[in-house]
Amino acid sequence: MIRPVRHIAAMTPYALAELNAPIGKRLVSLSQNESLQPPSPLAIAAAADALASAQLYPDPDWTALRIALGTTHDIAPSDILCGNGSMELIASLTLAFANPQNAVLAPANAYPFFKTAAQLAQARFDTAPEKHGQVSVDALLAAVRADTRIVFVANPGNPTGTRISRPELLRLREGLRADIMLVIDEAYGEFADHLDEPMFDLVKRGDVVVLRTFSKAYGLAGMRVGWGVFPAQIAEHVRKVMNPNNISVAGQAAASAALKDHAYMRATCLRTATERDRFISDLRAAGFDVADSFTNFALIRFGNADAAKCADNALRAEGVFLRAQGGAGLPDCLRVTIGDPDDMNLTAALLKRWKEGENT
Ligand SMILES: Cc1ncc(COP(=O)(O)O)c(C=O)c1O
(Lines give C-alpha, C1' and ligand atoms only; values in the text may rest on other atoms or scores of the structure.)
Protein backbone atom coordinates (compact mmCIF):
# COMPACT_ATOMS: atom_id res chain seq x y z
CA MET A 1 0.00 0.00 0.00
CA ILE A 2 1.37 3.41 -0.93
CA ARG A 3 0.79 5.86 1.94
CA PRO A 4 1.05 9.66 2.11
CA VAL A 5 3.14 11.20 4.88
CA ARG A 6 1.14 11.55 8.08
CA HIS A 7 0.67 15.31 8.20
CA ILE A 8 -0.59 15.43 4.61
CA ALA A 9 -2.96 12.50 5.22
CA ALA A 10 -4.38 14.40 8.21
CA MET A 11 -5.09 17.56 6.18
CA THR A 12 -8.41 18.33 4.54
CA PRO A 13 -8.15 19.76 0.99
CA TYR A 14 -8.23 23.58 0.87
CA ALA A 15 -11.89 24.55 0.54
CA LEU A 16 -12.56 26.54 -2.64
CA ALA A 17 -16.01 27.80 -3.61
CA GLU A 18 -18.64 25.27 -4.73
CA LEU A 19 -20.21 26.64 -7.89
CA ASN A 20 -23.01 24.40 -9.15
CA ALA A 21 -26.07 26.39 -10.12
CA PRO A 22 -29.41 24.55 -10.26
CA ILE A 23 -30.41 23.47 -13.78
CA GLY A 24 -31.98 26.37 -15.66
CA LYS A 25 -30.50 29.09 -13.40
CA ARG A 26 -27.72 31.47 -14.48
CA LEU A 27 -24.67 31.04 -12.24
CA VAL A 28 -23.88 34.25 -10.33
CA SER A 29 -20.56 33.68 -8.59
CA LEU A 30 -19.91 36.23 -5.85
CA SER A 31 -17.78 33.81 -3.86
CA GLN A 32 -14.09 34.21 -4.75
CA ASN A 33 -13.35 37.93 -4.47
CA GLU A 34 -12.62 38.16 -8.17
CA SER A 35 -12.74 41.52 -9.95
CA LEU A 36 -16.03 42.79 -11.37
CA GLN A 37 -14.13 43.76 -14.53
CA PRO A 38 -11.99 41.84 -17.01
CA PRO A 39 -8.26 42.71 -17.09
CA SER A 40 -7.00 45.86 -18.80
CA PRO A 41 -7.00 45.54 -22.62
CA LEU A 42 -3.23 46.15 -22.44
CA ALA A 43 -2.84 43.04 -20.24
CA ILE A 44 -4.98 40.91 -22.54
CA ALA A 45 -2.97 41.97 -25.62
CA ALA A 46 0.37 41.42 -23.86
CA ALA A 47 -0.62 37.92 -22.69
CA ALA A 48 -1.73 36.99 -26.22
CA ASP A 49 1.58 38.26 -27.67
CA ALA A 50 3.56 36.33 -25.07
CA LEU A 51 2.05 33.04 -26.24
CA ALA A 52 4.08 33.37 -29.44
CA SER A 53 7.19 32.53 -27.38
CA ALA A 54 5.57 29.94 -25.12
CA GLN A 55 7.91 27.21 -26.37
CA LEU A 56 10.44 28.80 -24.01
CA TYR A 57 10.40 28.57 -20.23
CA PRO A 58 9.38 31.81 -18.53
CA ASP A 59 11.93 34.25 -17.10
CA PRO A 60 12.77 32.70 -13.70
CA ASP A 61 13.80 36.14 -12.37
CA TRP A 62 10.63 37.98 -13.52
CA THR A 63 12.97 40.74 -14.73
CA ALA A 64 10.53 42.97 -16.64
CA LEU A 65 7.80 42.50 -14.04
CA ARG A 66 10.10 43.35 -11.15
CA ILE A 67 11.33 46.47 -12.90
CA ALA A 68 7.75 47.55 -13.60
CA LEU A 69 6.72 46.89 -9.98
CA GLY A 70 9.79 48.68 -8.68
CA THR A 71 9.02 51.75 -10.80
CA THR A 72 5.34 51.77 -9.86
CA HIS A 73 5.94 51.48 -6.11
CA ASP A 74 9.38 53.06 -5.78
CA ILE A 75 10.96 49.82 -4.57
CA ALA A 76 14.28 48.24 -5.59
CA PRO A 77 13.42 45.39 -8.03
CA SER A 78 15.95 43.18 -6.20
CA ASP A 79 13.75 43.33 -3.06
CA ILE A 80 10.78 41.82 -4.93
CA LEU A 81 9.82 38.15 -5.32
CA CYS A 82 6.96 37.12 -7.61
CA GLY A 83 4.80 34.08 -6.89
CA ASN A 84 2.30 31.85 -8.62
CA GLY A 85 -0.34 33.89 -6.85
CA SER A 86 0.50 35.23 -3.43
CA MET A 87 -0.57 31.81 -2.16
CA GLU A 88 2.75 30.43 -3.40
CA LEU A 89 4.63 33.11 -1.47
CA ILE A 90 2.61 32.43 1.71
CA ALA A 91 3.23 28.67 1.49
CA SER A 92 6.90 29.01 0.54
CA LEU A 93 7.87 31.47 3.25
CA THR A 94 6.08 29.34 5.85
CA LEU A 95 7.88 26.19 4.68
CA ALA A 96 11.19 28.05 4.80
CA PHE A 97 10.72 29.60 8.28
CA ALA A 98 8.41 27.33 10.31
CA ASN A 99 8.62 23.66 11.28
CA PRO A 100 7.16 21.12 13.75
CA GLN A 101 9.14 22.69 16.59
CA ASN A 102 7.54 26.12 16.27
CA ALA A 103 4.36 28.03 15.57
CA VAL A 104 2.59 30.40 13.18
CA LEU A 105 0.20 32.99 14.60
CA ALA A 106 -2.68 34.86 12.93
CA PRO A 107 -5.89 36.66 13.95
CA ALA A 108 -8.79 34.28 14.64
CA ASN A 109 -10.82 35.38 11.60
CA ALA A 110 -7.95 35.50 9.14
CA TYR A 111 -7.60 34.21 5.59
CA PRO A 112 -7.76 30.39 6.00
CA PHE A 113 -4.74 29.71 3.77
CA PHE A 114 -2.43 30.93 6.57
CA LYS A 115 -3.50 27.82 8.50
CA THR A 116 -3.02 25.59 5.46
CA ALA A 117 0.54 26.92 5.07
CA ALA A 118 1.26 26.17 8.74
CA GLN A 119 -0.10 22.65 8.30
CA LEU A 120 2.15 22.09 5.26
CA ALA A 121 5.13 23.13 7.40
CA GLN A 122 3.83 20.95 10.28
CA ALA A 123 3.98 24.02 12.50
CA ARG A 124 1.41 24.67 15.22
CA PHE A 125 -1.19 27.24 14.15
CA ASP A 126 -2.16 29.67 16.92
CA THR A 127 -4.83 32.34 16.71
CA ALA A 128 -5.60 35.55 18.61
CA PRO A 129 -9.18 36.76 19.10
CA GLU A 130 -10.47 39.67 17.02
CA LYS A 131 -12.83 42.30 18.40
CA HIS A 132 -15.94 43.05 16.31
CA GLY A 133 -14.15 41.95 13.14
CA GLN A 134 -11.08 44.07 13.92
CA VAL A 135 -7.58 42.70 14.37
CA SER A 136 -6.43 43.31 17.95
CA VAL A 137 -2.73 44.07 18.32
CA ASP A 138 -2.97 43.48 22.08
CA ALA A 139 -4.53 40.05 21.54
CA LEU A 140 -1.87 39.11 18.97
CA LEU A 141 0.95 40.17 21.28
CA ALA A 142 -0.64 38.24 24.15
CA ALA A 143 -0.83 35.12 21.96
CA VAL A 144 2.90 35.12 21.12
CA ARG A 145 4.71 32.08 22.60
CA ALA A 146 8.40 31.27 22.97
CA ASP A 147 8.20 29.17 19.78
CA THR A 148 6.26 31.68 17.59
CA ARG A 149 8.18 32.30 14.34
CA ILE A 150 5.73 33.94 11.92
CA VAL A 151 2.80 36.32 12.47
CA PHE A 152 0.41 36.78 9.53
CA VAL A 153 -1.90 39.80 9.27
CA ALA A 154 -3.97 40.45 6.15
CA ASN A 155 -4.60 44.18 5.77
CA PRO A 156 -7.36 44.81 4.77
CA GLY A 157 -8.56 41.49 6.17
CA ASN A 158 -10.36 38.69 4.38
CA PRO A 159 -13.14 37.84 5.23
CA THR A 160 -13.65 40.71 7.70
CA GLY A 161 -12.99 43.50 5.16
CA THR A 162 -11.70 45.69 7.99
CA ARG A 163 -8.39 47.50 8.20
CA ILE A 164 -5.66 47.96 10.75
CA SER A 165 -3.90 51.34 10.73
CA ARG A 166 -0.19 51.83 10.09
CA PRO A 167 0.48 53.04 13.68
CA GLU A 168 -1.18 49.87 15.00
CA LEU A 169 0.91 47.67 12.68
CA LEU A 170 4.04 49.52 13.83
CA ARG A 171 2.99 48.87 17.43
CA LEU A 172 2.57 45.17 16.59
CA ARG A 173 6.03 45.01 15.02
CA GLU A 174 7.62 46.83 17.95
CA GLY A 175 6.00 44.38 20.36
CA LEU A 176 7.25 41.25 18.56
CA ARG A 177 10.63 39.64 19.26
CA ALA A 178 13.34 40.09 16.65
CA ASP A 179 13.20 36.39 15.69
CA ILE A 180 9.53 36.62 14.64
CA MET A 181 8.73 37.51 11.03
CA LEU A 182 5.70 39.78 10.51
CA VAL A 183 3.96 39.10 7.19
CA ILE A 184 1.56 41.84 6.10
CA ASP A 185 -0.66 40.41 3.35
CA GLU A 186 -2.04 43.30 1.29
CA ALA A 187 -3.98 41.25 -1.27
CA TYR A 188 -6.65 44.00 -1.15
CA GLY A 189 -4.14 46.82 -0.64
CA GLU A 190 -5.07 48.71 -3.80
CA PHE A 191 -8.60 49.21 -2.45
CA ALA A 192 -7.13 51.07 0.54
CA ASP A 193 -4.24 52.90 -1.19
CA HIS A 194 -6.21 56.17 -1.08
CA LEU A 195 -5.65 56.15 2.70
CA ASP A 196 -1.97 56.64 1.95
CA GLU A 197 -0.49 54.28 4.53
CA PRO A 198 2.02 52.23 2.50
CA MET A 199 3.91 49.55 4.41
CA PHE A 200 6.72 48.67 1.97
CA ASP A 201 9.24 50.83 3.84
CA LEU A 202 9.03 48.50 6.86
CA VAL A 203 10.77 45.73 4.91
CA LYS A 204 14.15 47.39 5.34
CA ARG A 205 13.98 46.52 9.08
CA GLY A 206 14.75 42.91 8.02
CA ASP A 207 11.85 41.31 9.90
CA VAL A 208 8.81 42.36 7.81
CA VAL A 209 7.46 40.97 4.52
CA VAL A 210 4.69 42.75 2.56
CA LEU A 211 2.66 40.76 0.02
CA ARG A 212 0.41 41.93 -2.82
CA THR A 213 -1.34 40.30 -5.77
CA PHE A 214 -2.63 40.95 -9.28
CA SER A 215 -5.68 38.77 -8.52
CA LYS A 216 -7.96 41.46 -7.11
CA ALA A 217 -7.71 45.11 -8.25
CA TYR A 218 -5.95 44.14 -11.51
CA GLY A 219 -8.50 41.44 -12.38
CA LEU A 220 -5.85 38.81 -13.11
CA ALA A 221 -6.86 36.02 -10.67
CA GLY A 222 -6.77 33.47 -13.49
CA MET A 223 -3.18 34.38 -14.39
CA ARG A 224 -1.83 33.58 -10.91
CA VAL A 225 0.59 36.43 -10.24
CA GLY A 226 1.41 37.55 -6.71
CA TRP A 227 4.38 39.50 -5.47
CA GLY A 228 5.99 40.65 -2.29
CA VAL A 229 8.75 42.81 -0.86
CA PHE A 230 11.22 40.73 1.14
CA PRO A 231 14.38 41.41 3.15
CA ALA A 232 17.28 39.81 1.19
CA GLN A 233 18.12 37.32 3.96
CA ILE A 234 14.51 36.06 3.93
CA ALA A 235 14.08 36.07 0.13
CA GLU A 236 17.20 33.93 -0.32
CA HIS A 237 15.58 31.02 1.54
CA VAL A 238 12.02 31.49 0.27
CA ARG A 239 13.29 31.15 -3.31
CA LYS A 240 14.73 27.72 -2.56
CA VAL A 241 11.21 26.48 -1.81
CA MET A 242 9.47 28.12 -4.77
CA ASN A 243 8.95 26.55 -8.18
CA PRO A 244 11.84 28.10 -10.18
CA ASN A 245 9.60 28.49 -13.26
CA ASN A 246 6.54 29.58 -11.35
CA ILE A 247 4.78 32.24 -13.48
CA SER A 248 3.90 31.56 -17.11
CA VAL A 249 5.11 33.83 -19.92
CA ALA A 250 1.51 35.02 -20.34
CA GLY A 251 1.14 35.75 -16.63
CA GLN A 252 4.33 37.79 -16.44
CA ALA A 253 3.47 39.74 -19.61
CA ALA A 254 -0.10 40.42 -18.48
CA ALA A 255 0.98 41.67 -15.05
CA SER A 256 3.71 43.94 -16.47
CA ALA A 257 1.26 45.44 -18.97
CA ALA A 258 -1.45 45.87 -16.32
CA LEU A 259 0.92 48.09 -14.34
CA LYS A 260 1.16 50.41 -17.36
CA ASP A 261 -2.61 50.90 -17.26
CA HIS A 262 -2.76 52.51 -13.85
CA ALA A 263 -5.91 54.47 -14.74
CA TYR A 264 -7.77 51.26 -15.57
CA MET A 265 -6.88 49.70 -12.20
CA ARG A 266 -7.91 52.84 -10.31
CA ALA A 267 -11.20 52.97 -12.24
CA THR A 268 -11.84 49.32 -11.26
CA CYS A 269 -11.23 50.15 -7.59
CA LEU A 270 -13.52 53.18 -7.77
CA ARG A 271 -16.29 51.25 -9.51
CA THR A 272 -15.96 48.43 -6.97
CA ALA A 273 -16.03 50.80 -3.99
CA THR A 274 -19.06 52.68 -5.35
CA GLU A 275 -20.99 49.47 -5.96
CA ARG A 276 -19.87 48.02 -2.61
CA ASP A 277 -20.98 51.03 -0.58
CA ARG A 278 -24.31 51.20 -2.42
CA PHE A 279 -24.89 47.47 -1.72
CA ILE A 280 -23.94 47.84 1.95
CA SER A 281 -26.29 50.84 2.44
CA ASP A 282 -29.10 49.00 0.68
CA LEU A 283 -28.73 45.96 2.94
CA ARG A 284 -28.38 48.03 6.11
CA ALA A 285 -31.58 49.89 5.23
CA ALA A 286 -33.26 46.47 5.07
CA GLY A 287 -32.02 45.64 8.57
CA PHE A 288 -28.93 43.55 7.77
CA ASP A 289 -25.75 43.80 9.86
CA VAL A 290 -22.96 44.60 7.36
CA ALA A 291 -19.58 46.00 8.36
CA ASP A 292 -17.78 48.79 6.48
CA SER A 293 -15.37 47.25 3.98
CA PHE A 294 -12.04 48.35 2.52
CA THR A 295 -12.04 45.56 -0.08
CA ASN A 296 -13.95 44.16 -3.06
CA PHE A 297 -16.37 42.25 -0.83
CA ALA A 298 -18.81 42.77 2.04
CA LEU A 299 -19.37 40.59 5.10
CA ILE A 300 -22.94 40.06 6.32
CA ARG A 301 -23.53 38.91 9.91
CA PHE A 302 -26.69 36.86 10.41
CA GLY A 303 -26.43 36.47 14.18
CA ASN A 304 -26.27 32.67 14.12
CA ALA A 305 -24.94 29.92 11.88
CA ASP A 306 -28.37 28.46 11.09
CA ALA A 307 -29.64 31.78 9.70
CA ALA A 308 -26.48 32.21 7.58
CA LYS A 309 -26.86 28.68 6.20
CA CYS A 310 -30.53 29.20 5.49
CA ALA A 311 -29.89 32.48 3.61
CA ASP A 312 -27.01 30.85 1.71
CA ASN A 313 -29.28 28.00 0.61
CA ALA A 314 -32.06 30.40 -0.43
CA LEU A 315 -29.62 32.26 -2.72
CA ARG A 316 -28.03 29.10 -4.08
CA ALA A 317 -31.45 27.86 -5.12
CA GLU A 318 -31.57 30.93 -7.40
CA GLY A 319 -28.02 30.37 -8.73
CA VAL A 320 -26.37 33.06 -6.57
CA PHE A 321 -23.27 31.81 -4.73
CA LEU A 322 -21.90 33.74 -1.75
CA ARG A 323 -19.21 32.29 0.52
CA ALA A 324 -19.86 30.72 3.92
CA GLN A 325 -17.21 31.62 6.50
CA GLY A 326 -17.07 28.69 8.94
CA GLY A 327 -13.46 28.10 7.80
CA ALA A 328 -12.52 31.58 9.04
CA GLY A 329 -14.28 31.07 12.39
CA LEU A 330 -17.36 33.09 11.37
CA PRO A 331 -20.12 30.50 10.77
CA ASP A 332 -22.78 33.19 11.29
CA CYS A 333 -21.49 35.23 8.31
CA LEU A 334 -21.67 35.19 4.52
CA ARG A 335 -19.14 37.04 2.38
CA VAL A 336 -20.34 38.66 -0.85
CA THR A 337 -17.87 39.59 -3.58
CA ILE A 338 -18.86 42.85 -5.27
CA GLY A 339 -20.02 42.13 -8.80
CA ASP A 340 -21.76 44.22 -11.43
CA PRO A 341 -24.88 46.25 -10.49
CA ASP A 342 -27.36 43.71 -11.88
CA ASP A 343 -25.86 40.89 -9.84
CA MET A 344 -25.72 43.04 -6.69
CA ASN A 345 -29.34 44.14 -7.14
CA LEU A 346 -30.40 40.51 -7.62
CA THR A 347 -28.45 39.48 -4.50
CA ALA A 348 -29.90 42.28 -2.38
CA ALA A 349 -33.44 41.47 -3.58
CA LEU A 350 -33.02 37.76 -2.77
CA LEU A 351 -31.60 38.54 0.68
CA LYS A 352 -34.50 40.87 1.44
CA ARG A 353 -36.98 38.24 0.23
CA TRP A 354 -35.32 35.67 2.46
CA LYS A 355 -35.47 38.03 5.44
CA GLU A 356 -39.14 38.77 4.89
CA GLY A 357 -39.80 35.01 4.74
CA GLU A 358 -37.95 34.61 8.05
CA ASN A 359 -40.09 37.27 9.72
CA THR A 360 -43.48 35.93 8.60
C1 LIG B 1 -5.91 37.84 2.14
C2 LIG B 1 -5.57 37.06 0.90
N3 LIG B 1 -4.29 36.75 0.67
C4 LIG B 1 -3.93 36.05 -0.42
C5 LIG B 1 -4.86 35.62 -1.34
C6 LIG B 1 -4.40 34.80 -2.50
O7 LIG B 1 -4.30 35.53 -3.62
P8 LIG B 1 -3.58 34.99 -4.93
O9 LIG B 1 -4.66 34.85 -5.94
O10 LIG B 1 -2.57 36.02 -5.26
O11 LIG B 1 -2.93 33.67 -4.61
C12 LIG B 1 -6.21 35.94 -1.15
C13 LIG B 1 -7.22 35.47 -2.11
O14 LIG B 1 -8.39 35.57 -1.94
C15 LIG B 1 -6.58 36.66 0.00
O16 LIG B 1 -7.85 36.97 0.26
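The values are calculated or read from the model by the stated rules, or taken from the named source; none is laboratory data. None of these values were measured; they are calculated from a predicted model. All Cβ positions, glycine included, derive from the backbone under ideal geometry; neighbour counts span all protein chains shown. Protein only, heavy atoms only, side chains kept; ligands, DNA and RNA dropped before computing areas. Shrake-Rupley method; radii C 1.70, N 1.55, O 1.52, S 1.80 Å.
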Query raised in the report: Which condition number in (1) away from the ligand (no atom under 16 Å from the Cβ); (2) not assigned by TED's automatic domain parsing to the domain that holds residue 134 is the one that residue 16 fails?
Result: (1)
Query raised in the report: Looking at region 270-292, which of its residues are open to solvent by 10 Å² or more (accessible area, probe 1.4 Å), within 22 Å of residue 187 (Cβ to Cβ) and in contact (Cβ under 8 Å) with a residue 60 or more places away in the chain?
Result: 271, 273, 275, 276, 291, 292
Report summary line: Over region 200-217, the set of residues open to solvent by less than 20 Å² (accessible area, probe 1.4 Å) and within 14 Å of the ligand (Cβ to nearest atom) is 209, 210, 211, 212, 213, 214, 215, 217
Report task. Could you tell me whether region 81-89 includes any residue that is within 16 Å of the ligand (Cβ to nearest atom) and surrounded by fewer than 20 Cβ atoms within 10 Å (Cβ to Cβ)? Result -> no
Requested in this report: Would you confirm whether any residue within region 140-149 is free of Cβ contacts under 8 Å to residues at least 24 places away in the same chain, out of contact with any Gly (no Cβ under 7 Å at 6 or more places or on another chain) and more than 30 Å from residue 292 (Cβ to Cβ)?
Outcome: yes
Query raised in the report: residue 249: assigned by TED's automatic domain parsing to the domain that holds residue 143, within 16 Å of the ligand (Cβ to nearest atom) and over 21 Å from residue 144 (Cα atoms), yes or no?
Result: no
Requested in this report: Give, as residue ranges, the helices (runs of 4 or more DSSP H) completely inside region 232-351 that count at least 3 residues that are under 30 Å from residue 121 (Cβ atoms) and in contact with a helix residue (DSSP H, G or I) (Cβ under 7 Å, 6 or more places away or on another chain).
Outcome: 232-241, 249-260
